[in-house]
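I have placed the structure first, in the form of structure tokens, so that the comments after it can refer back to it.
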Amino acid sequence: MISFRKLSDCTWNEMTTIWNKGFEGYFVPLHFNEAQLNIHLVKGDISPKHSFIAFYNNEPAGFVLNGFRQVGDKKVAWNGGTGVAKEFRGFGIGKAMMQKCMAIYKDEQVDIATLEAIERNEPAIRLYEKFGYSITNQLYFYDTKKVPTSLPVRKTDYRLERISSKAVKKLPFWNKWTPWQNQITNQPDDSQAIIVSDINGNPIGYAHIRDIFDSNGEKIQTILCHCEIKPGFNKKETLEQLLLEVFAFERVSLNKNPFTFSTYNLLLDDCVKEVLESWNFEKKMGQVWMQQTFH
């Protein structure tokens with residue numbers, strides 16, 4: 001018999017234990033301790049009263065984490081993690097949990113439900129499709145540890161400026177519809193964006209970035225989370241000038257510290273892919289972005 005208990009009624013130890021069991025043998029390492037899981041819940045706006053652990057004959061068997069946000073005029077739900085313990089796989093736990101989620105979304109009057117799934121996780125993708133989700137975009141994790149040997153020349157008719165990521169909201173071409181963890185809401189207060197403007201100072205593109213530092217305060221990684229070019233401009237050239245500033249290859253000393261240039265859950269169109277791959281970025285992992293609309 002399958003039953004459910006709200007996350008708000010469970011202990012941290014119970015949730016951490018079932019999280020790690022649910023992702024045992026997963027495509028990428030997702031082992032958390034209690035502190036790391038707490039950070040994941042906070043960053044993802046996870047709602048403890050709308051998230052739950054599934055029990056099979058009173059034994060913890062699986063879980064689903066749910067978060068809710070208002071994006072524009074739409075109430076959006078995000079599945080921030082779903083897993084079933086290995087010993088309970090094949091018992092119908094996943095199906096029962098998705099049915100539970102659909103009931104929660106209905107009660108919460110959700111307009112759009114979203115989730116991400118590893119592109120190789122075909123069983124999970126098929127399950128989500130059975131419950132009305134469809135793949136709307138591909139998301140990619142690229143990286144390189146080498147400065148590209150051939151880069152475009154920086155052009156003087158483009159202006160580049162680092163600003164607070166929150167300021168991007170003022171741009172008329174700001175794309176608010178991005179994967180949950182890359183939305184501005186998820187950016188720290190001190191996170192940055194880079195604006196590229198034309199020669200007259202009119203913004204024509206932006207990128208959200210994250211810099212990672214080691215324990216000594218040395219920058220060891222730059223992560224591109226999202227980029228957007230205003231329609232009507234030379235997209236490839238504008239994008240190249242923007243990404244030259246994002247990664248600032250010429251300002252990185254690879255001899256002093258190992259350094260990684262990377263992307264995170266990046267919405268990747270053909271132009272972005274062409275630029276990154278021409279700079280020797282390699283795809284490390286891909287996800288599908290899945291959505292369904294209720295109204």
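Values quoted throughout were computed directly from the atomic coordinates according to the rules given, and no laboratory measurement underlies them. In this text, all values refer to a predicted model and were calculated from it rather than measured experimentally. Quick reminder, even Gly has a Cβ in these numbers, built from the backbone with ideal geometry, and neighbours come from all protein chains shown.
What number in nm² do you get for segment 15-81 if you take the convex hull of its Cα atoms and divide its surface by four?
Across all orientations, segment 15-81 yields a mean hull projection of 5.4 nm².
Charges at C-beta only: +1 for Lys and Arg, -1 for Asp and Glu. How large is the resulting dipole of segment 2-110 about its Cα centre, in Debye rounded to 20?
With Lys and Arg at +1 and Asp and Glu at -1, about 280 debye.
Read phi for every residue in segment 173-189 and hand back ³J(HN,Hα) as whole Hz from Karplus 6.51 cos²θ - 1.76 cosθ + 1.60, θ = phi - 60°, with x for Gly and Pro.
9, 4, 9, 7, 9, 10, x, 3, 6, 9, 5, 4, 4, 7, 7, x, 4
Roughly how many Å is it from the Cα centre of segment 280-295 to that of segment 9-65, as a whole number?
Segment 280-295 and segment 9-65 have Cα centres separated by 22 Å.
How much mean residue ellipticity at 222 nm does the chain get from its helices, if each DSSP H run of length 4 or more adds -39500 (n - 2.57) and you divide by all residues, to the nearest 500 deg cm²/dmol?
On the way: 6 runs with 67 residues, N = 295.
Counting only the DSSP helices, I get -7000 deg cm²/dmol.
Which distance in Å, rounded to a whole number, links the C-alpha centroids of segment 149-177 and segment 179-228?
9
Normalising by the residue count of the chain, find the relative contact order in percent from Cα pairs under 8 Å and 6+ residues apart.
Computed value for the chain: 20 percent relative contact order.
Can you list residues whose amide H is under 5 Å from Ala85's amide H, if they're 5+ apart or on another chain and H is modeled 1.01 Å from N?
Gly62
In whole Hz, with x marking every Gly and Pro, tabulate ³J(HN,Hα) for segment 156-167 from phi via Karplus 6.51 cos²θ - 1.76 cosθ + 1.60, θ = phi - 60°.
Couplings: 6, 8, 10, 10, 10, 9, 8, 9, 5, 4, 5, 5 Hz.
Could you please report the charge total around Glu129, scoring K, R as +1 and D, E as -1 over all other residues with beta-carbon less than 13 angstrom from its beta-carbon? The partial results should precede the final answer.
Values: positive: Lys95, Arg126, Lys130; negative: Glu122.
Residues near Glu129 contribute +2 overall.
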